[in-house]
Every structure is written in structure tokens, then in C-alpha cells.
Amino acid sequence: MSQLLRVQCFGVSSDGFGAGEGQSLDRPFGHADPADLLSWAGATASWAHRTDPGGTRGLDDYFTRDMPRGIGAEIMGRNKFGPQRGPWEDLDWKGWWGDTPPFHTPVLVLTHHVRPSITLSDTTFRFIEATPAEALRQAKEAADGKDVRLGGGVATLRAFLEADLVDTMHVSVAPVELGRGERLWSTPDELLDRFHLESVPSASGVTHLLFWRR
């Protein structure tokens with residue numbers, strides 16, 4: 001069985017931005033409010049960060065519940081791990097994810113400044129400098145026969161799309177405009193030469209876009 005590279009629950013604004021300008025330790029999404037892009041997911045019963053009972057069921061919950069299914073490794077860009085730029089000056093800071101990251105798999109972090117691997121709970125972060133194709137090869141090896149999730153951010157998604165490595169993609173479009181920042185697309189129609197696309201509106205107000213290879 002072939003291993004797929006999957007994008008899941010990646011949120012963008014109605015004008016195509018996945019993050020705003022000015023990312024910092026206190027503002028992982030820059031000037032954008034992450035709740036504007038991802039509140040639909042946080043409201044679901046299956047949201048990985050939920051600490052209290054309850055939450056919504058239905059379509060939105062299906063997508064958050066599906067997140068870990070069949071995933072054996074994740075690839076993310078350095079900016080998704082943290083806001084540091086250049087050489088790693090603070091090795092004691094271990095990312096935005098806390099002592100128990102939600103990944104539960106090996107995570108390959110793409111960076112031009114390699115640092116030693118770190119393990120938090122059942123998640124090991126490996127920091128590699130590699131092309132998209134080489135990163136995917138290493139991730140598939142680490143995934144032990146399961147699929148690989150491409151976690152973001154926007155620049156990482158664009159690099160893997162340009163390398164034609166993405167097999168399936170789920171993007172949620174929130175009814176908010178950001179105007180500036182990290183832009184995934186001007187319109188999702190840009191991908192229709194390579195992907196089928198189905199658009200599914202949700203009662204939460206977001207629209208779920210499902211892409212799969214032609």
C-alpha cells in the first residue's frame with residue numbers, strides 16, 4: 001500500500017491567508033487571531049487540545065476526529081515549531097506545543113539551522129535541512145508504513161505543492177479577511193490542474209475544501 005502525504009485541518013481566511021504578519025512568541029499567527037481561522041475545530045468534541053468534556057459533533061468533528069487516523073509521521077516548517085529565526089540561540093525552549101504535543105508521532109522540522117532532536121512525551125522532533133522530496137522520503141521511513149501529514153505553515157505547504165508531492169488536502173476557509181500575511185493562494189482554483197476539488201459548507205460558518213489528485 002502506498003503512503004500518502006496528507007494536509008489536514010489547515011485553516012485559511014477567505015482571501016487565502018493562513019497566517020498574518022509579525023509572528024512572535026506571543027502571536028504565533030502574527031496579527032491574525034487564530035480563533036478566526038480555527039475556532040470551528042476548537043469547538044469540536046474531538047479537538048486534540050480539549051481539556052473539558054463536551055464539544056460539537058457533526059461535520060466539523062469528523063475532520064478533527066480524522067486527524068490522527070493512519071498518520072505515522074509529520075513534516076512541519078520551522079515557523080510552525082516556533083518563532084526563532086537564524087541559529088538556535090535558546091535550546092531550552094522546546095516549541096509551542098508544551099510537554100505533551102498533540103502529534104504522537106515523529107515530527108520532522110525543516111530548518112536551515114539544524115539542532116539536536118528532542119523528545120516530549122511520545123513525540124520526537126527531528127530538525128533537518130532537506131528538499132521537500134528528501135524530507136518526504138525520511139518521513140515515510142519514520143512513519144513505518146503509515147501516511148505522512150504535512151502540517152504547515154504556508155511556505156512549507158507551497159513548497160510541497162510546487163514539488164507536486166501532496167496527495168490529499170483538507171483546507172478550511174473561514175469567513176474572515178486578513179488582507180496580508182502568509183498567503184496560500186489567491187483562489188483555490190489555482191490547484192485545479194492537479195487536483196479534484198469538492199467544497200462542503202459547515203453550519204459553523206467555515207467551508208471545507210477537499211482536494212485529491214487527478
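The values are calculated or read from the model by the stated rules, or taken from the named source; none is laboratory data. Note that this is a predicted model, so its numbers are computed, not measured. A quick note on method: Cβ atoms are made from the backbone with ideal geometry, for glycine too, and the neighbour counts reach across all protein chains shown.
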Test set (1) at pLDDT below 95; (2) buried (at least 17 other Cβ atoms within 10 Å of the Cβ); (3) outside any loop (DSSP other than H, G, I, E, B) - Ala32 fails condition number: (3)
Could you please find all residues in segment 112-150 being assigned to a strand (DSSP E or B) and polar (S, T, N, Q)? Thr119, Thr123, Thr124
Residue count, segment 45-69, condition under 22 Å from Thr105 (Cα atoms), at pLDDT 90 or above and either touching a His at 6+ places or on another chain (Cβ under 7 Å) or surrounded by 14 or more Cβ atoms within 10 Å (Cβ to Cβ) (or both), comes to 10
Six or more apart or on different chains, Cβ under 8 Å: which pairs go from a residue in segment 191-214 that's buried (at least 18 other Cβ atoms within 10 Å of the Cβ) to one that's assigned to a loop (DSSP other than H, G, I, E, B)? Could you list them? Leu191/Trp185; Phe195/Arg214; Ser204/Ala43; Val206/Pro175; His208/Ser202; Phe211/Val166
Identify the single condition in (1) on the phi < 0 side of the Ramachandran plot; (2) touching an Asp or Glu at 6+ places or on another chain (Cβ under 7 Å); (3) surrounded by fewer than 19 Cβ atoms within 10 Å (Cβ to Cβ) that Phe103 does not satisfy, given that it satisfies every other one. (3)
Evaluate segment 131-151: report whether one residue or more is surrounded by fewer than 17 Cβ atoms within 10 Å (Cβ to Cβ), more than 30 Å from Thr56 (Cβ to Cβ) and in contact with a Leu (Cβ under 8 Å, 6 or more places away or on another chain). yes
Considering residues of segment 35-84 that are charged (D, E, K, R) and assigned to a loop (DSSP other than H, G, I, E, B) only, the residue farthest from Leu5 (Cα to Cα): Asp52
Checking Pro87 against (1) buried (at least 19 other Cβ atoms within 10 Å of the Cβ); (2) more than 30 Å from Gly179 (Cα to Cα); (3) of a type outside the set (Asp, Glu), only one condition comes out false. Which one? (1)
Across segment 146-180, the tally of residues that are touching a strand residue (DSSP E or B) at 6+ places or on another chain (Cβ under 7 Å), over 29 Å from Ala203 (Cβ atoms) and among the small types (Gly, Ala, Ser) stands at 1
Pairs needed: first member in segment 9-22, surrounded by fewer than 16 Cβ atoms within 10 Å (Cβ to Cβ) and modelled with pLDDT under 95; second member anywhere, aliphatic (A, V, I, L, M) and not in a strand (DSSP E or B); C-beta distance under 9 Å; at least 6 residues apart or different chains. Glu21/Ala32; Glu21/Leu178
Would you mind stating whether Ile75 is surrounded by fewer than 21 Cβ atoms within 10 Å (Cβ to Cβ), within 15 Å of the chain's Cα centre (by Cα), within 17 Å of Phe160 (Cβ to Cβ) and hydrophobic (A, V, I, L, M, F, W, C)? no
